[in-house]
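Contents: one structure, followed by commentary.
Coordinate-derived values only; no laboratory data. Please read all numbers here as calculations on a predicted model, not as lab measurements. Cβ atoms come from the backbone with ideal geometry, glycine included; neighbour counts cover every protein chain shown.
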Amino acid sequence: MQKLPRRASSLKGEADWDERILRRQSLKSVLPHLDAVIFDIDGTLLDSNDANAYAWRTTFREFGKDVPQAEIRAAIGKGGDNLLPDFFSEEELKTLKEPLSKRRGELYDGELLPKMKPFSLVREFCERLKADGRRIAIATSATEEELKVSLDLIGISDLVEAKATIDDAEGSKPDPDIFLAALERLGNPDPARVLVVGDTPYDVEAAERAGMQTVAVLTGGFSRESLAGALATFGSVAELFTRYEETPFAR
C-alpha cells in the first residue's frame, strides 16, 4: 500500500502541502483509499482552548499555585493526566490529582463550555467528507459528557460515526490511546487510510504513535513550527472546506 508522503516546508500563509508533490502527481494518486477522518474537538472544531486554559489556571490558583497563563496555554491539548505533571510534583499529585480535576471540570463544564462557539464551516466540511465517502470519528481528551455538549454546540452529532474520549483510554494525548480507541470504534481500518484533523502538537504526536498522519489547523493557537510533524497545515477547518480540492482529503 502506498504510504502518505511526509509534509515539507511551505511559503508563509499557504497550506503546507508539498508543492513538489502536487506538481508530480494528483492528490487522487497520493491518497487513493482514504477511508475515514478522525477529528479532535477543542481548538479544532470548537473555539475552546483559551477557556480550557482559564479553567486550569483558576483551579491551580484556588489550590495555591499561580502558574502563568501562557505556560498552561502551551499544554492545552493534553488531558489532565498528562497536563498536571507539568505543574505539580508526583508527591503533590498523590493527594491533589482528583480534586484538581474535579474542580476544573466544575468550572469548565458548568460555566464555560455552554458558552463556547464552533468554528465556521465545520458542518459543511464534514458533509463534504461524507459525500466523498469518508467516515467521521472524534478522538478527544475531553470526557464523554463534555463531548456530548460540544457536539451539540457544533451541530454535527448526526454525521459522527464513532467517538472516543478519555473515558475510553488509559492515557490522554499525546499518548496514542484515544486515537487507537477511535480506530477500534471504526472497526479497525488500516491507519494508513485514515487522516486526523487536529490543532496541537499533542494531536500530531498521538496520531503518529497510532500509525496515522495529521492535517493540522492553526485555530488552536499553536505555531506552524510546533505543528511541523503534520502532513499539512491549514489555517482552519473553514479553509479546508473552501480549498477542499487542494487538501489531502480531495478525491
**Complete:** Shape descriptor, segment 49-115: equivalent ellipsoid semi-axes (Cα gyration tensor, sqrt 5λ, whole Å, largest first) stand at 18, 13, 11
**Request:** Compute the acute angle (0 to 90°) between the alpha-carbon long axis of helix 90-107 and the principal axis of greatest extent of the alpha-carbon atoms of the chain; round to the nearest 10°.
**Result:** 70 degrees
**Tail fraction, Cα-Cα pairs, the chain, threshold 23 Å, whole percent** = 48 percent
**Message:** Using a Gaussian network model on the chain with a 10 Å cutoff between Cα atoms, which of Pro174, Pro191, Pro114 fluctuates the most?
**Reply:** Pro114
**Request:** Using only the Cα atoms of segment 86-189, build the gyration tensor, take square roots of its eigenvalues as a ≥ b ≥ c, and label the shape rounded, prolate or oblate: rounded if a/c is under 1.5, else prolate if a/b is larger than b/c, else oblate.
**Result:** oblate
**Complete:** For Gly221, the net charge from surrounding residues (Cβ-Cβ under 9 Å; K, R +1; D, E -1) works out to -1
**Nearest-20 debye value, the chain charge dipole, Cβ charges on Lys, Arg, Asp, Glu** = 920 debye
**Prompt:** How far is it, in nm, from the label point at Asp86 to the one at Leu218 when both lie 7 Å from their Cα along the line to the Cβ?
**Reply:** 2.1 nm
**Fill in**
Computed about the Cα centre, the charge dipole of segment 49-115 from +1 Lys/Arg and -1 Asp/Glu charges at the Cβ has a magnitude in debye, to the nearest 20, of 140 debye
**Request:** Return one number: the angle in degrees, 0 to 90 and rounded to the nearest 10, between the long axis of the Cα atoms of helix 49-62 and the longest principal axis of the Cα atoms of the chain.
**Result:** 20 degrees
**Fill in**
Over the chain, the sum of -39500 (n - 2.57) across DSSP H runs of at least four, divided by residue number and rounded to 500 deg cm²/dmol, gives at 222 nm -11000 deg cm²/dmol
**Item:** Positive minus negative residues near Cys126 (Lys, Arg vs Asp, Glu; Cβ under 14 Å)
**Value:** 0
**Complete:** GNM on the chain, Cα springs under 10 Å; top mean-square fluctuation among Phe39, Phe63, Phe241 goes to Phe63
**Item:** Charge dipole (debye, nearest 20) of segment 125-251; +1 at Cβ of Lys and Arg, -1 at Cβ of Asp and Glu
**Value:** 500 debye
**Neighbourhood net charge (10 Å Cβ-Cβ; Lys/Arg +1, Asp/Glu -1) for Glu71** = +1
**Request:** Considering only Asn188, Asn82, Asn52, give the residue with the highest GNM mean-square fluctuation for the chain, with springs between Cα atoms whenever their separation is below 10 Å.
**Result:** Asn188
**Request:** Using Cα centres only, tell me the gap between segment 144-218 and segment 114-137 in whole Å.
**Result:** 14 Å
